[in-house]
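In what follows, a single structure is set out as structure tokens and then discussed.
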Amino acid sequence: MTAGPLEDWITCQKQVLPDLGGPTPRDPKTPVEAYCLGLAYTTGKGSVRIDDIAAAQFYRRAAEKGHAPAQTVLGYLYEKGQGVSPDPAQAVVWYRKAADQGLPDALFNLGRVYQHGVGVKADLGEAKKWYQLAAAKGSEGAAAELKRMGEAPQPGQANFNEGTKLYEAKDFAGATRSLKKAADLANAHAQASLDYLYERGEGVTKEY
């Protein structure tokens, strides 16, 4: 599941929670089940009441198994101190784990924390980098932030758009070629995306 909370909840409600039983759900066996129980306890929907502490515990179980949406939510809980003790630095850790899996919400949140200095030193250049990556994956919030920050139209935009489409199609080598063409034209979005590809070693040799 990589959609927003509402779409995730609808999926959980239809496909997962009925199998967990109620009013006392059984122990979840998969990260998706744990995530869905987290959503149930967060919203008070389904057969349980709102319980922020229980929600955080289930999100953590899913997050520790690599479930990116749960990692993002857990990061937010640490940022806001909801169901856990406030810890902005820990929030960044979980946002980054989800961002490493390419989740747009996590990429956006990293942009936001760098923009406002939440758990990290404020760095507008780093904020733009993460917003650009999120925008390339369709985040309207990231696109709005970039516009608000005065991002001008970039040269080589056609190559950049082609590169992002190839990346979404998991053609990492093709994406790299297109992004390099845009980057050679000084397209800052493409340059940031290439940095991201080098960090992950997708279509290129990983750099440390």
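Quick note: the coordinates plus some simple rules give every number you see, no bench work behind them. Note that this is a predicted model, so its numbers are computed, not measured. As a convention, Cβ positions derive from the backbone with ideal geometry for all residues, glycine included, and neighbour counts pool all protein chains shown.
To the nearest Å, what is the center-to-center distance of segment 115-152 and segment 34-94, using C-alpha atoms only? So the two Cα centres are separated by 24 Å.
Name the longest site-free stretch of the chain, where the excluded sites are trypsin sites (Lys or Arg not before Pro) in a DSSP loop with no more than 15 other beta-carbon atoms within 10 Å. Walk me through the numbers before you get to the answer.
Values: sites that count: 26, 29, 45, 49, 65, 121, 170, 206.
My reading of the result: 66-120 is the longest stretch.
Over segment 157-200, all Cα pairs binned in 10 Å intervals from 0 give whole-percent P(r) values of 38, 58, 4, listed from short to long. Charge tally for residue 120 (other residues, Cβ to Cβ under 11 Å; Lys, Arg +1; Asp, Glu -1): +1.
Tell me, what is the percent relative contact order of the chain, built from C-alpha pairs under 8 Å that lie six or more residues apart?
Details: 335 pairs, mean separation 20.6, N = 208.
Normalised by residue count, the contact order of the chain is 10 percent.
With 23 Å as the limit on Cα-Cα distance, the pairs of 29/165; 128/180; 97/147; 137/181; 121/181 that go past it are 29/165; 97/147; 121/181.
About its Cα centre, the dipole of the chain is roughly 80 debye, where the only charges are +1 on Lys and Arg Cβ and -1 on Asp and Glu Cβ.
Mean 1/r over all different Cα pairs, inverted: what Kirkwood radius does the chain give, in Å?
Numbers: mean 1/r = 0.0556 Å⁻¹.
With all distinct Cα pairs of the chain included, I get 18.0 Å.
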